[in-house]
Every structure is written in structure tokens, then in C-alpha cells.
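The values are calculated or read from the model by the stated rules, or taken from the named source; none is laboratory data. These numbers come from a predicted model, not from an experiment. Positions of Cβ are generated from backbone atoms using ideal geometry, with glycine treated the same way; all protein chains shown enter the neighbour counts. Quick note on the areas: whole protein, heavy atoms, side chains included, nothing else; ligands and nucleic acids left out. Shrake-Rupley method; radii C 1.70, N 1.55, O 1.52, S 1.80 Å.
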Amino acid sequence: MTTDALDISPKLRGRPREFDMDAALDQALRVFSERGYYAASISELTEAMGLTAGSVYKAFKDKRGIFLAAFDRYRNVRCRLRDERLAAAPNAYEKLRTFLIIFAESSSGAVGRQGCLVVGSATELALFDAEVANRVAFAFDVDEQLLVDLIRLGQKDGSVSDRLDVEDTARMLLSLTKGMRVIGKTGRTREQMIAVAETALTLLN
């Protein structure tokens, strides 16, 4: 996953940047995560992003353009931070534990109530927008393949039971983590969601 700033539309390349694109997109994704795509208005987005309507339309063309750019920014940042934490874990079991703890932390408190842009998009937009559906499917596929790879690595290094079906277990953990993001919208505590992650880990031994 790239850690660079998001690409901007071709017509803006080569021009001086008049605002911090990443900072603006971070504020846009907060609005989309909290309000949902349809409930988020252009006025709310421009206010949160600290931009004029003219600047927003010049950079993104419309609300959908803002959403797609915010979606990509969200995935890039989360994947980079996730990979940094996974790299520090000593074996595959601990990497899987780290993966689940990341979702537990993201599914609790104020962050949990804000919700997940990917999961929210899957339920709100994917049925009606093929491009969003493809982005959501790709995001889920990436997470599932990562889980498959970690489980296989764990079976190889002895930290995960070799009796497990790799693909079924990966799909179960994927479903669990996405469900955690939905439940997190109801204001669960960090302790509650960490307990969910720790319970799931018992299935790996």
C-alpha cells in the first residue's frame, strides 16, 4: 500500500496546491463515516474540509468524487498503520492478535461510534454503484487474503493450529472484524471489544 498523498484529478496536476489535500479528505471521511453518503451534504463537507464550494467542485467535481477520494485515503492510511503494527509482532499468532486488536480498538468509544467507511459503503452504496462495489470488494479481498497468509504462516511456524481450515477460518475472522465495526456504532467499550478479539483468538489454538 502506498504511503504517499493521494493522486488528485488530472486537471490539477502541475498546479500549485492551494490546500492540504490529505487533511481535507480526512475531514470529509469523518463526515461520510458519521452521516453516511446520502445524508452528508455538500455544505457539511465544504465546512468540514475548510474549503469553498468552488474549490471542492474544482478538485473533485461532485460529492461522489469527494467520497471516492476519501475512500482511497482511508484505505491507504489504515493499511499503512496496520502493516506497521503487524511488522512488529514476533510470530503469526501475534500478528493475528494485532490484526484483531486493531479492529477492537477501532470499534469502541468515539472512534467506534464514528464507524467504518468501508463497511458503511458496503451497506449503503455498493448495491447501486459499481465503482464503489468494486472498491469495497477489493478492500474485503485484501483483508481476507492477509488473514489467509497469516494463518498459513502460523501453521508453518507452529503458533496456529494445523487442524484449522485456512480459508474458512480467514473468512470467519473477516466476518467478525467487519461485524465489530457495525457493533462499534452502538458505543461499546474498549474492554468489551478487546474481549471479543481475545475470544476469537482461542479458536486458533
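Each row is one residue, and each column tells you yes or no for (1) touching a residue at least 12 places away in the same chain (Cβ under 8 Å); (2) farther than 24 Å from Y93 by Cβ.
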| residue | (1), (2) |
| --- | --- |
| E131 | yes, yes |
| A137 | no, yes |
| D141 | no, no |
| L164 | yes, no |
| A170 | yes, no |
| S175 | no, no |
| V182 | yes, yes |
| Q192 | yes, no |
Next on the checklist: Considering only segment 144-158, I want to know if a residue exists there that is of a type in the set (V, I, T), within 17 Å of the chain's Cα centre (by Cα) and in a helix (DSSP H, G or I).
Outcome noted: no
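Helices (runs of 4 or more DSSP H) wholly in segment 27-90 with at least 1 residues that are closer than 30 Å to V160 by Cβ and among the hydrophobic types (A, V, I, L, M, F, W, C) - which ones? Before the answer, list the steps.
On the way: elements: 42-49, 53-60, 63-87.
Result: 63-87.
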Checklist entry - Is there a residue being small (G, A, S), more than 13 Å from I101 (Cβ to Cβ) and in a helix (DSSP H, G or I) anywhere in segment 185-205? => result no
Item to check | Test: G120 is within 15 Å of the chain's Cα centre (by Cα) and either buried (at least 20 other Cβ atoms within 10 Å of the Cβ) or in a helix (DSSP H, G or I) (or both) | outcome: yes
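When only residues in segment 160-173 that are assigned to a helix (DSSP H, G or I) and open to solvent by less than 20 Å² (accessible area, probe 1.4 Å) count, which is farthest from G115 (Cα to Cα)?
Going through segment 160-173, the residues assigned to a helix (DSSP H, G or I) turn out to be 166-173.
Next cut, open to solvent by less than 20 Å² (accessible area, probe 1.4 Å) only: 166, 169-170, 173.
On the way: V166: 28, T169: 25, A170: 22, L173: 19 Å.
By that ranking, first place goes to V166.
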Next on the checklist: So, in segment 89-110, how many residues would count as being within 18 Å of the chain's Cα centre (by Cα) and closer than 18 Å to T202 by Cα?
Outcome noted: 10
